[in-house]
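Written out below as structure tokens is the structure these notes cover.
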Amino acid sequence: MIKGQPTSEPVQKPPIGQFALLPGLAMLLVLPLVAGGSDYILQVFTHALLLATLALAWNILAVSGSISLGHAAFFGVGAYTSGLLSLELGVSSWLTIPTAGLSAVAIAVLMWLFCHRLRGAYFALATLAFVEIPRVITDNWDGLTRGSRGLVGLPGLPGLRLGAHHFDISASPTGSYYFVLGYGLLLLAMVTLIFRSNLGLALQAIREEETAASTLGIQVQKYRLMALLLSALFSGITGACYAHLVRYIEPGMVYGIHFSAIPLIFAICGGRFTIIGPALAALVLYPLDQFLFHPLLPAGHEFLYGAVIILTILFLPSGFWGQLRKGHLVSIKTGSIE
Amino acid sequence: MSLLRLEALSKKFGEHWALKGIEFALEEGEIVGLVGPNGAGKTTLFNLITGRYKPSSGKIWFEGKDITSCRPHEIRHFGISRTFQSSRPFAKMSVLENVVVGRIFRGEFHLFPHPTDIKTALQLLELVGLAHKPGAVAGELTLSEQRRLDLARALATEPRLLLLDEVVAGFSPLAVKQAADLVQRVRERGVTLFIVDHFLRLSLRVSDRLLALDHGEKIAEGKPQEVMRNREVIRAYLGVRHDDEEQSAEGMEHGGQAF
Amino acid sequence: MWTTVLVSGIALGSFYTLVALGFALIFGVTHTFNLAYGELLVLAGYVAYWLWKTYGISLLFTFPAAIVVTLAVCLILQRLFSRLREPMEMNSLVVSFGLAILLQNGMLFLFSGDYRMIRVPFLNEGFRFHGLYLSYGQFTLLALSLLVIALTYLLMRHTYLGKGLRATIQDKESAALAGINVSGMGILAFAIGAILIGLAGPLFGCIHYLYPTAGLQATLIAITITIFAGVGRIRSLILGGWILGLAESCAVVVLGASWRELVSALMLITLLALRPYGILGKEEQ
């Protein structure tokens, strides 16, 4: 960490430190042991972690101020790319998952051509409409994508061979869980790097005051594009993981409004100006939905997400983690650390 | 060679000439005040120099190079920086980060801010009197603090020419005096200053020369006292339209003693 | 065949104009985006379907009930929107997106996810007119849509309230200075919008399957036409509706029914790419 010059003023204690999250991380690490034989609990948390990665990926773009309502496009294209490559060509999912990320980047370039001049609500609307393009094409291109029948019987998440040992991740829920957890932690590290880097400073500056940012030498469009491509890359990878986790996809599912709404809800509710807030919201809200609301209200349990987003915008505009860490959203440490 | 030279610079919005045939030159090390009533075209001129607007005709020369129609981030690399009429801090970022952002986009690519960038940023905060709160959230600063932050951020780009847009609007007389001292200190760092100042509260204290605009045209330039005695300038200021009455009343109050 | 495309396109397009009318009015007066607009339409359709199916009430008498329901939801939404801070467009978009999710799940709970349609046998019959076959369904759609649009036009042009609404659309601040109760106009816009949705919803249920997530298409259609036409110009709204209706009819004939949903999305993206400053078209000066 970069140290600033010692300042005379004592360092303000943050209302809540990032270290408060360490017990949570520890719990995630040992969850398969604690959850014992319950595959259901593990499955729910595997999904929660996957949705957390989608929210983290979404937030890379939101840092630059662009709210997307169209991340299902990247998610769906990623899921289909990885699914088709492994079904049709039998390629190992170690290869198809990164390729899926790249195909999402390609779609993001197309989206950029349409949307690069748009800001705010108009950008959001254009992304909302944009999802229809890959969805309708996937739905209709029977020869390639098998259309609305979807892809059935997808191979599971990739296995791992260490010397003579072979860990088949897909064979056990525990394996899938740790695979997704590992990806989540990797992505969290990436997002932390992005936030703390010059790229992150540029994106935040663009979000706050685009004109001032360009006057200070920031090439606004270049950085907005970088944010979109990085965000699409990881959303595509998440989509691919989802396909191999669930092993069945169809256009209405992976391109549905659900996967555009979920990252937006988690990120805004957790705090889109924070690094980890979006992931936290996913890990709290999704299990809450699955363990509490789903049994109570099998049809319509997702009203929870609608209610949460309305309440957040009205009462906690910076999200709950943003609120807890108010005034400490900063990337560069300023206090005297010596 | 002049530092900045404007050659028959014009800008038209629709059918309206915001600026018409401006000829002017700034010499290195000067402080020049840009004065004129509301709607004279002062901020438009700044927007043209910093590349926010493209001129309808005319040229802008900086250190002998033609910078007409360069984009804002390119202009920054030539060595021109500015503050904004309503200060525009990056509200959700810290005070220190605001200034660091001014430092780090110098053309060559770096992944992280260099420790020396942060050191320089802290020194600039010292200069503008914000050294005691580098970690504060910029959006929560007072108006005067935000203006000083704007200045530090603009200085962080190491400009040869700094454009200040209404930095003392709404300041108390004491705060204006402090701002004047600050501007002198900035000049001592070798920065040439061009100051938009509607009520002349700052420019009469610090300017070597004044440039007066009215309705997009140059009506006078020269030593401050000469310009203030110029009939056209007096008429432009006194004959302010009535829809600006609030501001013109304030203008008489603060700028009036100069006439 | 092409005359059939023409007729169905115009009928559909007129209905789309009716759908867009309420959206454009609400946006014009309050500068808020209502992403739950399509969900409201589907909700009104469900109300009509439920009354028609369970109580055998004639379609004509379901309109008042549908209007009551949409009025209630719209006025709640208006209360929510009035508490938002800037940027209004973005915040209203996200809040109404939340409301859309709420409504979708509420409808899923009440009406299940099955596809429903109001089937009035009479509407499927038809008549010949100068060698042109018109179904009563298309004819009703066209006639009712144009009637409601005409009534709205008269309301906006020739009544005191309409003048207040138009003044608010053109310039909020001047309207307030002229003594117009601008926030009252906001409530009125939502109320008229709700009535228009309440009228369009049951019709929607006759021409389109109802299911909880059917609203997104309708929202896209309303936004597309509004961005095409700008606010406050009913004639441009009609033109936009017809272009979209005809384009969809052509797409169905040329490419097949499954490509229809792409038309409004492509039209919206293209319009936004061409008019990046949006509906009001104000470039920052």
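Structure data summary
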read-out	value
Mean Cβ count within 10 Å, highest first, over the residues of peptides A:69-78, B:99-108	A:69-78, B:99-108
Residues of the stretch A:106-150 buried by at least 40 Å² on assembly (accessible area, 1.4 Å probe, chain alone as reference)	A:PHE114, A:ARG117, A:LEU118, A:ALA121, A:TYR122, A:LEU125, A:LEU128, A:ALA129, A:GLU132, A:ILE133, A:VAL136, A:ASN140
Chain pair C, A: total accessible area buried, heavy atoms, 1.4 Å probe, Å²	3600
Theoretical FRET efficiency, 1/(1+(r/R0)^6), r = Cβ-Cβ of C:GLN170 and B:THR142, R0 25 Å, to 0.05	0.10
Segments C:103-111, A:273-281, A:54-62 sorted - mean Cβ within 10 Å per residue, highest first	A:54-62, A:273-281, C:103-111
Beta bridge orientation in chain B: antiparallel %, DSSP, nearest 5	55
Net charge dipole size for the stretch C:47-189 [Lys, Arg +1 and Asp, Glu -1 on Cβ; Debye, nearest 20]	180
B versus A: buried accessible surface, summed, Å² (probe 1.4 Å, to nearest 100)	3200
Efficiency of FRET between C:TYR55 and C:ARG275 - r from beta-carbon atoms, R0 51 angstrom, step 0.05	0.65
Accessible surface, per residue, of chain A when the full set of protein chains is kept, probe 1.4 Å, Å²	38
C:THR4-C:PHE127 pseudo-label distance in nm [points 7 Å out on the Cα-to-Cβ vector]	2.1
Part-to-part distance (alpha-carbon centres) for the stretch B:139-191 and the stretch C:94-114, which is given in Å	53
Over the protein assembly as shown, equivalent-ellipsoid semi-axes from the Cα gyration tensor in Å	51, 38, 24
Scattering profile of chain A at q = 0.06 Å⁻¹ [log10 I(q)/I(0), Debye over alpha-carbon scatterers]	-0.22
Theoretical FRET efficiency, 1/(1+(r/R0)^6), r = Cβ-Cβ of B:GLN123 and B:LYS177, R0 25 Å, to 0.05	0.60
Given A:LYS222/B:LYS92; A:LYS326/B:LYS92; A:LYS222/B:LYS12; B:LYS12/B:LYS59; B:LYS11/B:LYS59; B:LYS20/B:LYS65, the pairs whose alpha carbons are separated by over 20 Å	A:LYS222/B:LYS92; A:LYS222/B:LYS12; B:LYS20/B:LYS65
At 1.002 mPa s and 20 °C, Stokes diffusion of the stretch B:87-237 via Kirkwood alpha-carbon radius, µm² per second	128
Accessible-area value, C:ARG166, 1.4 Å probe, nucleic acids and ligands omitted, Å²	60
Eligible aspartates and glutamates near B:LYS42 by straight Cα distance, threshold 15 Å, same-chain separation 8 or greater	B:GLU23, B:ASP165, B:GLU166, B:ASP197, B:ASP214, B:GLU217, B:GLU221
The stretch C:2-274 - percent relative contact order, Cα under 8 Å, separation 6 or more	41
Cα point-scatterer Debye curve for the stretch B:91-158, base-10 log of I(q)/I(0) at q = 0.12, 0.27, 0.29 Å⁻¹	-0.26, -1.20, -1.35
Accessible surface of the protein assembly as shown, 1.4 Å probe, proportion on carbon and sulfur as whole %	62
Whole-angstrom gap from the stretch B:15-46 to the stretch C:201-232, using each part's C-alpha centre	51
Top of B:ALA138, B:ALA175, B:ALA40 by mean-square fluctuation, Gaussian network on chain B, Cα under 10 Å	B:ALA175
Antiparallel DSSP beta bridges within the protein assembly as shown, percent to nearest 5	65
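The values are calculated or read from the model by the stated rules, or taken from the named source; none is laboratory data. No experiment lies behind these values; they were computed from the predicted model shown. So basically every Cβ, Gly included, is an ideal-geometry build from the backbone, and we count neighbours across all protein chains shown. Quick note on the areas: whole protein, heavy atoms, side chains included, nothing else; ligands and nucleic acids left out. Shrake-Rupley method; radii C 1.70, N 1.55, O 1.52, S 1.80 Å.
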